[in-house]
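What follows is a short report on a single structure.
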Amino acid sequence: QVQLVESGGGLVQPGGSLRLSCAASGIIFRLYAMGWYRQAPGKQRELVAAITSGGSTNYAGPAKGRFTISRDNAKSTLYLQMNSLQPEDTAVYYCNAARSSWSSWGQGTQVTVSS
């Protein structure tokens, strides 16, 4: 059974940093493209950053220059380092694993940026 478990969310002040983790089980992690998405209240879920099985990365506009996605295939874990956080980054952040037409989601972790 596939499980994606996010952690590392919380409350942070504007300008602060957080590192999110997504621990995967039930899949051969290194074969899957992975991504971080977020959903703010009243808004659609949107891509934050993605990383292919080969390690190529892609960032949505708001994440460029502030966030870094990475993966540790030996630990079956995906990371998102988030720096210079702003109130508009407040959302539930979700981990996604995808391969061909299959994908799976984690349960999400709340990130709140507020003073």
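The values are calculated or read from the model by the stated rules, or taken from the named source; none is laboratory data. These numbers come from a predicted model, not from an experiment. Backbone-built Cβ (ideal geometry, glycine too); neighbour counts: all protein chains shown. Calculation scope for accessible area: heavy atoms of the full protein, side chains included, ligands and nucleic acids excluded. Shrake-Rupley method; radii C 1.70, N 1.55, O 1.52, S 1.80 Å.
Ignoring the sites themselves, what is the longest stretch of the chain with no trypsin sites (Lys or Arg not before Pro) in a DSSP loop and at most 13 other beta-carbon atoms within 10 Å? Write out the running numbers ahead of the final one.
Details: sites that count: LYS43, LYS64, LYS75.
Between the exposed loop sites, the longest stretch runs 1-42.
At 1.4 Å probe radius, can you tell me the per residue accessible area of the chain in Å²? Numbers along the way, then the final one.
On the way: 6030 Å² over 115 residues.
Each residue of the chain exposes 52 Å² on average to a 1.4 Å probe.
Apply 1/(1 + (r/R0)^6) to the Cβ-Cβ distance of SER101 and SER7, taking R0 = 30 Å, and write down the FRET efficiency to the nearest 0.05.
Efficiency at R0 = 30 Å is approximately 0.60.
Carbon and sulfur atoms: what percent of the 1.4 Å accessible area of the range 32-115 do they account for?
45
Once you put a point 7 Å from the Cα of GLU46 and another 7 Å from the Cα of GLN86, both along the Cβ direction, what distance in nm separates them?
Result: 1.1 nm between the two label points.
Mind checking the range 1-78 for chymotrypsin sites (Phe, Trp or Tyr not before Pro) that DSSP puts in a loop (not H, G, I, E or B) and that have at most 10 other Cβ atoms within 10 Å?
Answer by residue number: there is no such site.
How large is ³J(HN,Hα) for each residue in the range 84-96, as worked out from phi by the Karplus curve 6.51 cos²θ - 1.76 cosθ + 1.60 (θ = phi - 60°), to whole Hz, x for Gly and Pro?
Running phi through 6.51 cos²θ - 1.76 cosθ + 1.60 with θ = phi - 60° gives 6, 5, 10, x, 6, 7, 4, 4, 8, 9, 10, 9, 9 Hz.
Figure the gain on full extension for ILE28 and LYS75 (residue separation times 0.36 nm, minus the Cα-Cα span) and round it to one decimal in nm.
Once the chain is fully extended between ILE28 and LYS75, it gains 15.8 nm.
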